[in-house]
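Structure record follows, encoded as structure tokens.
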Amino acid sequence: MNAQPLRIGITGLNGRVGRLLAQEVPAAGAVLAGGTTRDGCPVEGIDCPVHANIADLARECDVVIDFTHASTVVGHAQALATAGTAWVLGTTGLSVADQQAVDQAATRIAVVQAANFSPGVTLVTRLARQMGAVLPGSEYDAEILEMHHRQKVDAPSGTALAMGRAVAQGRGIRLEDHIESGRDGHTGPRADGAIGFAALRGGQIVGEHSVIFTSSHEQISLTHRSFDRRVYATGAVRAAHWLRGHEVGLYDMEDVLGLPRD
């Protein structure tokens, strides 16, 4: 067993989740080795080295936890792979090229990638996949409803899309071929086998997600509500500790929680 404390770096140290991570890292027995901000300036109340460059941070860490923006993913993937630093990635809204960069990095370093690091969301997403496998789209309409704070800029949320992909995976289809999102006006009847999304915004709601299966005879709903962003921070730090000693590759929160593969 490695007796040295895990050295964890945080990108976006001055962000909402970044500040929580700065508290959770030492609380979990790890060392806060540093962080990044856009200007490289220190963050009030957080005592650690601060960098403007991800490559500088990567050299000081065993693992970097990343909740920043999709525009940073390609650069972060290259820098972390070059440094040999493990990566916990919670950034959503990735393009095909962004995801390819993550996949390529995972051939050189260990990566845990998840749209949401809450254990509860992980379990709901797994159940959505299992339900998708046994509730056929020809009989059960699948709809995903999410609500977030009014400042959120993307819709549907990354977590909602992950749940939709789980339903699609269970059904052996591609979400992109069956998604119905943002219905408005005279849309016509619901397409058979569609996976629908609705996004609500208001107040300071951290996150609510429901996966709803409805047939002519019954309805089944799975709902998860987050009351505090700290659940994402504690989950990400748990993932960082889990990465120690694991081989190069791309993992997710089901791996971190030790869930058997379907």
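The values are calculated or read from the model by the stated rules, or taken from the named source; none is laboratory data. What you see is a predicted model, and the numbers here were worked out from it, not measured in a lab. All Cβ positions, even for glycine, are placed from backbone atoms using ideal geometry, and neighbour counts span all protein chains on display. These area figures cover heavy atoms from the full protein model, side chains too; ligands, DNA and RNA do not enter into them. Shrake-Rupley method; radii C 1.70, N 1.55, O 1.52, S 1.80 Å.
Helix-derived [θ] at 222 nm for the chain: sum -39500 (n - 2.57) over DSSP H runs of at least 4, divide by residue count, nearest 500?
Details: 8 runs with 86 residues, N = 262.
Rounded to the nearest 500, the figure is -10000 deg cm²/dmol.
Sorting 85-93, 43-51, 224-232, 178-186 by average packing, meaning the other beta carbons within 10 Å per residue, from highest down gives 85-93, 224-232, 43-51, 178-186.
The rule of thumb for compact globular proteins, 2.2 N^0.38 Å, goes into the C-alpha radius of gyration of the range 191-255 1.60 times. The residues of the range 1-104 have, on average, 48 Å² of accessible surface per residue, using a 1.4 Å probe with all protein chains present.
Given 25 °C and 0.890 mPa s, how large is the Stokes-Einstein diffusion coefficient of the chain in µm²/s, with Rh as the Kirkwood radius over Cα pairs?
Calculated translational D: 127 µm²/s.
Which shape class, rounded, prolate or oblate, goes with the range 113-262 when its Cα gyration tensor gives a ≥ b ≥ c as root eigenvalues, a/c under 1.5 marks rounded, and past that a/b bigger than b/c marks prolate? Taking the square roots of the gyration eigenvalues as a ≥ b ≥ c, the range 113-262 is oblate. Quick one: Debye curve from the C-alpha atoms of the range 84-151, no solvent, what's log10 I(q)/I(0) at q = 0.12, 0.15 Å⁻¹? Result of the Debye calculation: -0.50, -0.74. Ligands, DNA and RNA left out, the accessible area of the range 36-82 computed with a 1.4 Å probe is 47% carbon and sulfur. Taking the accessible area of the range 139-200, probe 1.4 Å, and keeping the other protein chains in place, the carbon and sulfur fraction comes to 49%.
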